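The values are calculated or read from the model by the stated rules, or taken from the named source; none is laboratory data. Please read all numbers here as calculations on a predicted model, not as lab measurements. Here the Cβ positions follow ideal geometry from the backbone for every residue, glycine too, while neighbour counts run over all protein chains shown.
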Amino acid sequence: MAARCSASTSLYDSSVTIRYAERMSRLGTEGAFEVLAKARRLEAEGKKVVHLEIGEPDFATPDNIVEAGISAMQNGYTHYTPASGIFEAREAVANFVSRTLKTEVDPAEVARRDPEVIFASWCGKKMKKATIQNRPGWDRVAAVRDDRVFEIKSTFILQPGPAALTDGIAQIHDRLRLSLGARTD
């Protein structure tokens, strides 16, 4: 596959042929945007569509959320949180879940559940196993002890749309197959 590129400035005139690897022709587009285009075509035909394809809600961000975001930034909350999240936020979520589901939940629940495998995704940042391994009590978690803590890149598992189901599930399956052997086949 070759593309012809021409460049011209007052300093030089040149024409360059760029050769791309053949496998570049197999690249597709991100599926969520294809779904968005189809949804917009349906809307143009007069059909009612609720947009869920790219994680963009059909409504403006509520004022109280906008105000909380502005307040947080004005108070210096402009950097990444610790890998485990903000303790007060985890505690608030645990309290909310406890109240709503009428069951006791606390921020240390994962360690108590003792998972055999942990998947982590850090939204564009590289996962640091040491951060997970050094959490209090997590040295006794089977996944940590047996080195079964795996990174799934956020582009595979956290993206909106169907790719999280296709690409993300494939990534999880591959990690499980490699770490647990034939038990997943």
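Filtered by the rule that a residue be part of a helix (DSSP H, G or I) and surrounded by 10 or more Cβ atoms within 10 Å (Cβ to Cβ), the range 74-103 gives F87, A89, R90, E91, A92, V93, A94, N95, F96, V97, S98, R99.
Scanning the range 24-69 for residues that are within 29 Å of D167 (Cβ to Cβ), part of a helix (DSSP H, G or I) and at pLDDT 85 or above turns up L36, A37, K38, A39, R40, R41, L42, E43.
In the range 79-103, the qualifying residues are those that are modelled with pLDDT of 80 or more and within 20 Å of the chain's Cα centre (by Cα), and the one that is nearest to A32 (Cα to Cα) is Y80. The C-beta contact set for the range 131-154 (first residue within 20 Å of L176 (Cα to Cα) and modelled with pLDDT of 90 or more, second residue of a type in the set (S, T, N, Q) and assigned to a loop (DSSP other than H, G, I, E, B), distance under 8 angstrom, 6+ apart or interchain) is empty.
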